[in-house]
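Novice: One structure, pasted below without further comment.
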Amino acid sequence: MLKEPETEGFEISLEYLQYAWHKKSYTAKGYLYMLVVILSQDAPLEISNVTEFCREWEIERKSFYKAKATLIKQGRIEVKQRDSSMFLTQLRQ
């Protein structure tokens, strides 16, 4: 099982992340967290349509919501709601 990187400077590509997800090397929580880390480097990750986001990244909606809730509870991500979009950012630990 692949672990989430815990050292600064560790870079992972979206292509490799998707490959690892398909090989079941990540849990839904780990996959969503890494998507947030990679896709929110310059600005918060904006999700205006959860169904489309889940389809694009091949994660079930139920798994997305459960992973998001767990990551928030663990203090790993922050979610802000604005209009019809949610904005996810990684919280530095």
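The values are calculated or read from the model by the stated rules, or taken from the named source; none is laboratory data. In this text, all values refer to a predicted model and were calculated from it rather than measured experimentally. Here the Cβ positions follow ideal geometry from the backbone for every residue, glycine too, while neighbour counts run over all protein chains shown. SASA here: full protein model, heavy atoms, side chains in, ligands and nucleic acids out. Shrake-Rupley method; radii C 1.70, N 1.55, O 1.52, S 1.80 Å.
Novice: Using a simple charge model, +1 on the beta-carbon of Lys and Arg, -1 on the beta-carbon of Asp and Glu, nothing else, what dipole does segment 39-93 show about its Cα centre, in debye to the nearest 20?
Specialist: Numbers: 10 positive and 8 negative charges, 77 e Å.
It works out to roughly 360 debye.
Novice: Return the label of the correct value of Rg/Rh (Cα atoms, Kirkwood Rh), as calculated from the structure shown, out of (1) 0.96; (2) 1.17; (3) 0.93.
Specialist: (3)
Novice: If you don't mind, there's one more thing I want to ask. Tell me the per residue accessible area of the chain using a 1.4 Å probe; a whole number in Å² is fine. Each step should come with its number before you reach the end.
Specialist: Working: 6460 Å² over 93 residues.
So the chain comes to 69 Å² accessible per residue, rounded to a whole number.
Novice: Okay, next question. Just the Cα atoms of segment 46-93, one point each, no solvent: what log10 I(q)/I(0) does Debye give at q = 0.31 Å⁻¹?
Specialist: -1.19
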